[in-house]
1. Full-extension gain between TRP239 and ILE171, please, as 0.36 nm times their residue separation minus the C-alpha to C-alpha distance.
2. Quickly work out the ILE192-to-SER256 label distance, labels modelled 7 Å from Cα along the C-beta direction, and quote it in nm with one decimal.
3. Quick one: work out Rg over Rh on the C-alpha atoms of the stretch 145-293, Rh as Kirkwood radius.
4. Set the Förster radius R0 to 22 Å, insert the Cβ-Cβ distance between SER156 and ILE276 as r into 1/(1 + (r/R0)^6), and round the FRET efficiency to 0.05.
5. On a full-extension model of 0.36 nm per residue, what is the gain between ASP206 and LYS14, subtracting their alpha-carbon distance, rounded to one decimal in nm?
6. With only alpha-carbon atoms in the gyration tensor, what are the semi-axes of the equivalent ellipsoid for the stretch 181-238, in Å, largest first?
7. Please arrange SER51, SER242, SER256 by counting, for each residue, the other beta carbons lying within 10 Å of its beta carbon, fewest first.
8. Mind putting a number on the dipole of the stretch 141-294 about its Cα centre? Charges go on the C-beta only, +1 for Lys and Arg and -1 for Asp and Glu, and I need it in Debye to the nearest 20.
Amino acid sequence: MENKTPQKEIIIIKKVTADKEDSGTGAWKIALADMMTAMMAFFLILWLISSTDEITLKGIAEHFKPNKAIPGEQVAGGNGLLGGVSVLDPELMPFKQKPIITYLPSRNSDDENSQYFKHTDEIEENIEQQNLHNANKIDNDEIFKIIKEKIINRISNDQSTLTSLSQIEFIQDTEGLNIQIVDNNALHMFDIGTSVLLINAINILDKIIPVLKEVPNKIIIRGHTDSRTFNEFHRENNWTLSAARAESTRLYLEQSGVKMKRFIKIEGVADSDPYINSNKMDPRNRRINIILKY
């Protein structure tokens, strides 16, 4: 008989171990959540900026504007009375209008970006024109003062016009310098109902014209009448008469050397703007205005 030895039973033990990649704590999920929150806040800020008007944006910008000389608690806020401008900021107080620049697109583009540059250019041009106007006004004030003195001196130094000095008035208003020649009973500028210059008016104009030729200001000529009416068969009225007198004055100035391009308005206002309100028949209501524009 064969001697058989018993075979050993083979036992296989399978051990399952977790992968190293899965053994973490899930910190990446927190980082992803933080990034998504930041992105959401970023897009929310972009949406708020795009839907906010420029004045509010300017106030916000001024609120966060760094200023080393002023403590943070003293800087004016963006939603207060000053609209984000600090009363302690030497650059912005008193307030100066400045164009608000929110982005810098291409100036050469033909799309809506070109409208942005057109708008800012118009603002800058308006500011420059206003500053130039203010400077010119100051200069004109000095010029008008000199013109007045020269005309008075020319009239008072001539015996033929000395008595006419009381007929000249100088009024400086929003239009410019108004040289007003007023009629009276003793010294007429025109015959009643006509637009022909009399010698008295010519003598006065001869003293004014050389001074007008020294300055480049534009000129308005305005004629006035009293309330004397024409008969019903007459072809004229006070409107046409006042305009005709203004044109006669303009024509004499032009023939005496005042350039035609300087005249910008010739008008007749009849008796609508009386010099003597209490008596519209007063001869002083008949007058001519020579207005030098600013």
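1. Values: separation 68, 0.36 × 68 = 24.48 nm, distance 2.34 nm.
Residue separation times 0.36 nm, minus the Cα-Cα distance, leaves 22.1 nm.
2. 2.7 nm
3. Working: Rg = 14.7 Å, Rh = 15.5 Å.
Here Rg/Rh amounts to 0.95.
4. Working: r = 25 Å, r/R0 = 1.14.
With a Förster radius of 22 Å, E is 0.30.
5. Numbers: separation 192, 0.36 × 192 = 69.12 nm, distance 12.77 nm.
56.4 nm is the gain from fully extending ASP206 to LYS14.
6. On the way: eigenvalues 149, 42, 17 Å².
Computed over the stretch 181-238, the values are 27, 15, 9 Å.
7. Details: SER51 7, SER242 25, SER256 15.
Sorted ascending by nearby Cβ count, the order is SER51, SER256, SER242.
8. Details: 21 positive and 20 negative charges, 88 e Å.
The calculation lands at about 420 debye.
None of the figures in this text is laboratory data; all of them are computed from the coordinates on show. Quantities reported herein were computed from a predicted structural model and do not represent experimental measurements. Note that each Cβ is placed from the backbone with ideal geometry, even for glycine, and that neighbours are counted across all protein chains shown.
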